[in-house]
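Engineer: Here it is: the structure, laid out below.
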Amino acid sequence: MRIDWKLLGAVLALGISPFITQSTESLVMLVLNTLLQHYGNDYYVGAMTIISSVSQVTMMPLMGLTQGAQPILSYNYGAGQFGRVRKGYKLLMRYCVSYAFLLWLSFLLVPQIYIHLFNSEPHLVSTAVPALRIQMGCIFAMGVQNGCQQTFLALGRAKISLFLALLRKIVILIPLACILPLFMGVNDVFYAQPVADLLAASSTAACFAVFYHKHLKNAGKALREET
């Protein structure tokens, strides 16, 4: 038995993308907590800890949808069944966007329910509730972001998926979180998240629209013409 280095490289590329995506969460939390301690106090750091926990729990179904769709999309893409890929992608996006919208609506209307799952201290709750509304203000966009980003990964475009993940967290979110509080104070650390979500989702949707037209729509037409 010998290692097929080319095949191993392709496998590692697909695994490194979600690994780096997840590992950058630690860097983001480190930066945000440092900024909140600098511009605010322990209550803001505590609020961010709760919001991070809420985000991880509530986003798990969204991640489950995208990861569950990956092998289906990958198999059909490899088999040249582009019609099924398009159908699967549209179905995935429908569920992702619907779930993200309902999640955003619940954060807007009843944020205290989520906060009380992790802490009931009055002062911390009063800090965390408006912070949750701010930070999750554009969470509806994550349906598009996650759906497109994970579809790129499913179709073997690991580099694009990795770039889009780093674009949101490293290129947009961290610089915004560092710059915005200089003008208006500690709450702007929370405002950096919805701005980053919206910009990243818009960029991801634009990239996927180009990819879809070039590699899925046109490929399907070419295959039908050949047959």
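FYI, it's all coordinate maths here, none of it is from the lab. A quick note: this is a predicted structure, and the numbers were derived from the prediction, not measured. Positions of Cβ are backbone-derived with ideal geometry, glycine not excepted, and every protein chain shown enters the neighbour counts.
Engineer: About the Cα centre, and with charges only on the beta carbon of Lys, Arg (+1) and Asp, Glu (-1), how big is the dipole of the chain? Nearest 20 debye, please.
Structural biologist: That gives the chain a dipole magnitude of about 1140 debye.
Engineer: Please give the helix 82-109 orientation as an angle from the longest Cα principal axis of the chain, in degrees from 0 to 90, rounded to the nearest 10.
Structural biologist: Tilt of helix 82-109: around 10 degrees.
Engineer: Taking the dipole about the Cα centre of the stretch 110-227, with the C-beta of Lys and Arg at +1 and of Asp and Glu at -1, give me whichever of HIS123, ALA177, GLN112 is farthest to the positive side.
Structural biologist: Result: ALA177, furthest along the dipole toward the positive end.
Engineer: Could I ask something else about it? Give the relative contact order (percent, whole number) for the chain; include only Cα pairs under 8 Å separated by 6+ residues.
Structural biologist: Reported as a whole number, the value is 27 percent.
Engineer: Right, next: Give me the dipole magnitude in Debye, nearest 20, for the stretch 1-93 about the Cα centre, with unit charges on the beta carbon: positive for Lys and Arg, negative for Asp and Glu.
Structural biologist: 640
Engineer: What is the diffusion coefficient of the chain in µm²/s, taking the Kirkwood radius over Cα pairs and the Stokes-Einstein relation at 10 °C with a viscosity of 1.306 mPa s?
Structural biologist: Result for D is 84 µm²/s.
Engineer: Right, here's the next one. Taking the Cα atoms only, what angle lies between the long axis of helix 187-211 and the longest principal axis of the chain, rounded to 10 degrees?
Structural biologist: 10
Engineer: Residue farthest toward the positive end of the dipole of the chain, with Cβ of Lys/Arg at +1 and Asp/Glu at -1: which of ALA100, VAL45, GLY83?
Structural biologist: Looking along the dipole axis, the top candidate is GLY83.
Engineer: Please give the helix 142-154 orientation as an angle from the longest Cα principal axis of the chain, in degrees from 0 to 90, rounded to the nearest 10.
Structural biologist: 40
Engineer: Using helices alone, I'd like the mean residue ellipticity at 222 nm for the chain: each DSSP H run of four-plus residues gives -39500 (n - 2.57), total over residue count, nearest 500.
Structural biologist: Using -39500 (n - 2.57) per qualifying helix, the result is -27500 deg cm²/dmol.
Engineer: Within the chain, how many Lys pairs that are eight or more residues apart, or on different chains, come under 22 Å at the alpha-carbon?
Structural biologist: Here the count comes out as 10.
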